[in-house]
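A short worksheet on the structure shown next.
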Amino acid sequence: MFDLDGVLVDSRHAQLATLAGFATSALGRRVTVADLPTWAATTPRKHVLAELGHTGVISQDGWDAATATATLAAEVFPFVADTLSALRAAGVATGIVTLRSRQRVHWLLPPTVLELIDVVVCYEDAAPKPAPDGLLLALDKLGALPGDAVFLGDMESDMHAARAAGVMPIGSGWGFSAPSTLTRAGAVVVLPDAEDLAGTLLSLMGTGRRSA
């Protein structure tokens with residue numbers, strides 16, 4: 001199983017642009033990506049916006065508008081389609097567990113990638129990570145046991161959720177968090193890059209694990 005942002009999709013700039021765009025509209029002054037705190041990419045949006053001076057309710061319509069525009073800057077990492085195809089050819093079922101809504105997942109992933117994913121669990125489907133609910137729901141839909149699965153993520157919450165679900169937590173070294181952060185959060189291993197990702201995951205999974 002995979003997290004989405006920072007693991008399958010290069011969305012760092014898009015996420016920061018969403019924050020800046022929403023803050024500009026909500027605060028009535030120009031806020032650029034450069035104005036955001038250095039920790040903005042790895043911190044819940046309410047804390048980032050509070051740091052900028054927005055303490056009210058986050059308007060969902062306003063957030064969606066900012067996201068729709070910023071998402072144009074997000075791109076699927078080049079290795080994703082080949083990795084998913086190789087896992088499917090090896091008989092491994094795959095899933096995504098993300099904090100994104102289902103609508104936004106379809107904004108970020110083209111149909112050619114979505115058709116290679118067996119299960120997608122979104123924000124509206126289960127309690128968000130670090131709760132294990134999303135991973136457990138994905139496992140149930142995949143018909144897999146926790147001990148038969150791995151989860152590749154790039155945030156502390158991903159590692160905590162995987163451990164709570166009984167799934168092997170694997171860190172994505174090309175994502176939002178530093179490798180040391182993922183290791184402290186419980187990653188069994190942090191992959192430095194995505195070279196031969198399918199082969200690496202199959203090796204880590206071993207013969208008994210059949211869900212990624």
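For the stretch 75-205, dividing the convex hull volume of the Cα atoms by the residue count gives 96 Å³ per residue.
Report, as a whole number in µm² per second, the diffusion coefficient that Stokes-Einstein gives for the stretch 1-159 at 4 °C and 1.567 mPa s using the Kirkwood radius over alpha carbon pairs. Before the final figure, lay out the partial values.
Working: Rh = 16.6 Å.
In µm²/s, the coefficient rounds to 78.
What you get for the stretch 1-132, charging only the Cβ of Lys and Arg (+1) and of Asp and Glu (-1), is a dipole of about 320 debye around the Cα centre. Remark: relative contact order (the stretch 66-179) = 19 percent; criterion is Cα-Cα distance under 8 angstrom and separation of 6 or more residues.
Rounded to the nearest whole Å³, what is the per residue volume of the convex hull around the Cα atoms of the stretch 1-88? Please report the intermediate quantities before stating the final value.
On the way: hull volume 9.6 nm³, N = 88.
Given the Cα convex hull of the stretch 1-88, per-residue volume reads 109 Å³.
How would you rank Ile96, Ile117, Ile58, going from fewest to most other Cβ atoms within 10 Å of each one's own Cβ? Working shown, then result.
Values: Ile96 24, Ile117 19, Ile58 12.
So the residues, fewest neighbours to most, are Ile58, Ile117, Ile96.
Read-outs throughout are calculated quantities, based only on the coordinates presented, and are distinct from any laboratory measurement. Predicted model, so just to flag it, every value in this text is computed and none were measured. Cβ coordinates were reconstructed from backbone atoms using ideal geometry, including for glycine residues, and neighbour counts include every protein chain displayed.
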